[in-house]
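Contents: one structure, followed by commentary.
The values are calculated or read from the model by the stated rules, or taken from the named source; none is laboratory data. Small disclaimer: the values here were computed from a predicted structure and weren't measured. Positions of Cβ are backbone-derived with ideal geometry, glycine not excepted, and every protein chain shown enters the neighbour counts.
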Amino acid sequence: MFKLRQRTILEAMLVIACIALIVYFMPRDTKFNYHFSLNTPWTYGQLMSNFDFPVYKSEERMKAETDSLYRNFQPYFYMDSTIGENALEQFKKDYYSRFDQLITAPQYNTYRQRLINAYNRGIVSIENSERIKHDSLSNIKIITDNFALSTSIDKLNTIKSVYKQLIYNDTLPKDILSELKLEEYIRPNVIYDSIKTNLSLQELKSSISMSDGMVQKGQKIISRGEIVDEKLYRVLKSYQYEWDKRDNDSRQTGLTLLGQILLVTIILSGMVYFIYVYRPIYLRQMNKFVLIFLLITIFSITVGWMVHTHTGNVFMVPFAMVPILLCLFVDSRTAFMAHILLTFICSTMLLAPHIFILIQIAGGFAAIVSLRELTARSQLFRTVFTVLLSHAITCFAYELISENDITKLNMNMYIYFLISGGLLLLTYPLMFAIEKLFGFTSAVTFIELSNINNELLYKLSQDAPGTFQHSMQVGNLAAEAARRIGANSIEVRTGALYHDIGKLKNPIYFTENQSGGKSPHSDLNPKESAAIILKHVKDGISIANAHHLPTSIKDFIATHHGTSKTGYFYITYKNANPGKEIDESLFTYPGPKPGTKEQAILMMADSVEAASHSLQEYTESNIHSLVDKIIDAQLENGQFALSPLTFKDIETIKGTFKERLKAIYHTRISYPEEKK
């Protein structure tokens, strides 16, 4: 129970680590990764809008509209009456204190009235006068008593014009005018109001619409081959601006991160649920569980890095490698499920996910269908060709639908597929690395191990020829039964060749290697004989370790007797000691029980083949009875409790053994003698 809980915690931590790694490498600052220019063809595929956005006006048009409004714009000024009043009061004081001897009262009144008229019309400073001329303004707005009145600049006075008005038709000598210093009483009273003017300018700018249209989410923007005219150029520029603006929004980035975490968690949880419901045995096989999630994580990280750094094209990545490896080391259904979920994760990082999903699912399906078991290098080449063909056909069909013009095909895509196919060939050397790292055994390795000319099998054939022949027969029976129920026939045949390799330590103590005469067991008691027989399992594991055989072969050696008993010596001892309590562990194999279909099939085939030699007569009835008796006894003893065999599988296996044994032991017809 503790080990189960510990394994569950490790698996949960692995999934969480995969989620964290994938999300960490997923791009959240993707820029608008398209390059285009005015009056050139669009070289990418069909571009669809991912969100609503406005189509902004060009800079030239915005400037023209702004200039048009500015030409009619009237800046704000206000008239300060206190300036005129103070100037007139000062002029009055100076007259009575200094000027009454220089000018007469009528002359004073004339100057005073002319000043009053000038101040009433308004006097602007030289600086403001120059600004008005520079802006080519014809009118300004003058605020008086909270009312803004539009006033023609022709009606405004300047300091120079007011001075001319003061001395108009004046007969005073120049020295007296110079002493009067009339210019000191001419002060600007029309003041520029920058606050009101700026507010008015802002209102004016806000009234100018920056856009002249909208593009809806999901709407087509441009197709491959279309010329980027002025209108499309503005649409693309607007899309680029809005895209980059969304990326620079920290709140948007935070929401994107949250969405990525939720999405990846849901997808990987779907993989966990699939394993829990349909492949619960993988929860006990950490190497397979780790391989599934490791492949999904590695390929997701690769796509995230490529998109983030704008390196290469994602269609160069050999995604079909994932279903191929999982099909070889796990199973085809799990491989297809993992490939689909990987495709969904990677598609969320791309601008055009639809074509990516279609191409990758088609390629993964083609890889699984074309490669059930990799037994020769030529099969991998055939699989690569099938995957490339599925990619090309799917891409071609999609382009015909979206572009509706064969001249607009994107030939770069087919170059990417070729690169992907070249990288897919690396599956073969990678397969051996995974075998060593995770303890898997591929079909190629099984075939190499089943070569009877290798050192260990050759030694078995020389030192224990009876065991070797028995192993060959068991392999034939088990392989055919495995093929009938959809199990791995190559694996079970190879396991059968090595299952009794432990008999090499004491071959003469096993019946099949005895050539008649006195049996060595006749000098031993049943306990001693049983110990030698039981020990061939432990010896087999020891020999397998010494020759570095794969774990799967060791599992066949360990489980081919399960927890059954050495029946002959157990019954002999029991009969010789009636009523005595027996330590059954002395006659019981250590196990474990078979945990896979292949291991269970080998146990059945081993027992049936060995027992078939004890038949006195090879009739159909005897063979049927023997097969049913042995397998039913194993089933009743619970030897198949840990294996995923169904009752239908067991019946199919029984039928296969019966057919094979009848064919093996069929009596030849006797040839008649010629009469003389």
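Listed by first and then second residue, the pairs linking a residue in region 648-676 that is under 16 Å from V474 (Cβ atoms) to a residue that is of a type in the set (D, E, K, R) and at pLDDT 90 or above, with Cβ atoms under 6 Å apart and 6 or more places separating them unless they lie on different chains, are T656/E480; T656/R484.
In region 151-170, the condition of being part of a loop (DSSP other than H, G, I, E, B), surrounded by 14 or more Cβ atoms within 10 Å (Cβ to Cβ) and among the polar types (S, T, N, Q) is met by no residue.
Taking G218, is it in contact (Cβ under 8 Å) with a residue 24 or more places away in the chain and part of a loop (DSSP other than H, G, I, E, B)? Write out each step before concluding.
Numbers: in contact (Cβ under 8 Å) with a residue 24 or more places away in the chain: yes; part of a loop (DSSP other than H, G, I, E, B): yes.
So G218 passes the test.
Without any contact (Cβ under 8 Å) to a residue 40 or more places away in the chain, under 30 Å from L257 (Cβ atoms) and among the β-branched types (V, I, T), is that true of I415? No: the conditions fail for I415. Among the residues of region 496-504, are any within 23 Å of A633 (Cα to Cα), outside any loop (DSSP other than H, G, I, E, B) and in contact (Cβ under 8 Å) with a residue 24 or more places away in the chain? Within region 496-504 (the criterion being within 23 Å of A633 (Cα to Cα), outside any loop (DSSP other than H, G, I, E, B) and in contact (Cβ under 8 Å) with a residue 24 or more places away in the chain), the answer is yes, since at least one residue qualifies. Look at S461 and say whether it is of a type in the set (S, T, N, Q), surrounded by fewer than 20 Cβ atoms within 10 Å (Cβ to Cβ) and in the same structural domain as Y589 (by TED's automatic domain parsing). Spelling it out, S461 is indeed of a type in the set (S, T, N, Q), surrounded by fewer than 20 Cβ atoms within 10 Å (Cβ to Cβ) and in the same structural domain as Y589 (by TED's automatic domain parsing). Within region 479-495, the set of residues being part of a helix (DSSP H, G or I) and in contact (Cβ under 8 Å) with a residue 24 or more places away in the chain comprises E480, A481, A482, R484, I485, I490, E491, V492, R493, T494, G495. Say whether the condition of being assigned to a loop (DSSP other than H, G, I, E, B) and either in contact with a Leu (Cβ under 6 Å, 6 or more places away or on another chain) or of a type in the set (A, V, I, L, M) (or both) is met by at least one residue in region 609-627. Yes, because at least one residue in region 609-627 is assigned to a loop (DSSP other than H, G, I, E, B) and either in contact with a Leu (Cβ under 6 Å, 6 or more places away or on another chain) or of a type in the set (A, V, I, L, M) (or both). Scan region 546-555 and give yes if some residue there is of a type in the set (V, I, T) and within 23 Å of S612 (Cβ to Cβ), otherwise no. So far as region 546-555 goes, no, none of its residues is of a type in the set (V, I, T) and within 23 Å of S612 (Cβ to Cβ). Within region 119-150, the only residue that satisfies the criterion of being surrounded by fewer than 10 Cβ atoms within 10 Å (Cβ to Cβ) and among the hydroxyl-bearing types (S, T, Y) is S136.
No other residue among Y618, Y589 is under 30 Å from L283 (Cα atoms), aromatic (F, W, Y) and in contact with a His (Cβ under 9 Å, 6 or more places away or on another chain) apart from Y589. Scanning region 530-563 for residues being surrounded by fewer than 19 Cβ atoms within 10 Å (Cβ to Cβ) and among the polar types (S, T, N, Q) gives a total of 4.
Condition check: assigned to a helix (DSSP H, G or I) and either of a type outside the set (F, W, Y) or out of contact with any His (no Cβ under 7 Å at 6 or more places or on another chain) (or both). Does G312 satisfy that? Before the answer, list the steps.
Details: assigned to a helix (DSSP H, G or I): no; either of a type outside the set (F, W, Y) or out of contact with any His (no Cβ under 7 Å at 6 or more places or on another chain) (or both): yes.
Judged against the criteria, G312 is not a match.
Quick grid of which residues meet (1) modelled with pLDDT under 90; (2) of a type in the set (A, V, I, L, M):
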site: I281; (1), (2): yes, yes
site: T302; (1), (2): no, no
site: M316; (1), (2): no, yes
site: V322; (1), (2): no, yes
site: L326; (1), (2): no, yes
site: H339; (1), (2): no, no
site: T343; (1), (2): no, no
site: A352; (1), (2): yes, yes
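A338 falls short on exactly one of the conditions (1) more than 24 Å from E598 (Cβ to Cβ); (2) within 13 Å of the chain's Cα centre (by Cα), and that condition is (1). Those residues that are surrounded by 13 or more Cβ atoms within 10 Å (Cβ to Cβ) and either free of Cβ contacts under 8 Å to residues at least 24 places away in the same chain or not polar (S, T, N, Q) (or both), I need them from region 190-204; list them, please. Selection gives V190, I191, Y192, D193, K196, L201, L204.
Tell me the residue from S471, S420, S402 that is assigned by TED's automatic domain parsing to the domain that holds P594 and either under 40 Å from the mean Cα position of the chain (by Cα) or closer than 22 Å to P550 by Cα (or both), please. Break it down into steps so the answer makes sense when it comes.
Numbers: S420 fails: assigned by TED's automatic domain parsing to the domain that holds P594; S402 fails: assigned by TED's automatic domain parsing to the domain that holds P594.
Residue meeting the stated conditions: S471.
So which of L586, L549 ends up being touching a helix residue (DSSP H, G or I) at 6+ places or on another chain (Cβ under 9 Å), assigned to a helix (DSSP H, G or I) and touching a residue at least 12 places away in the same chain (Cβ under 8 Å)?
Details: L549 fails: assigned to a helix (DSSP H, G or I).
The unique qualifying residue is L586.
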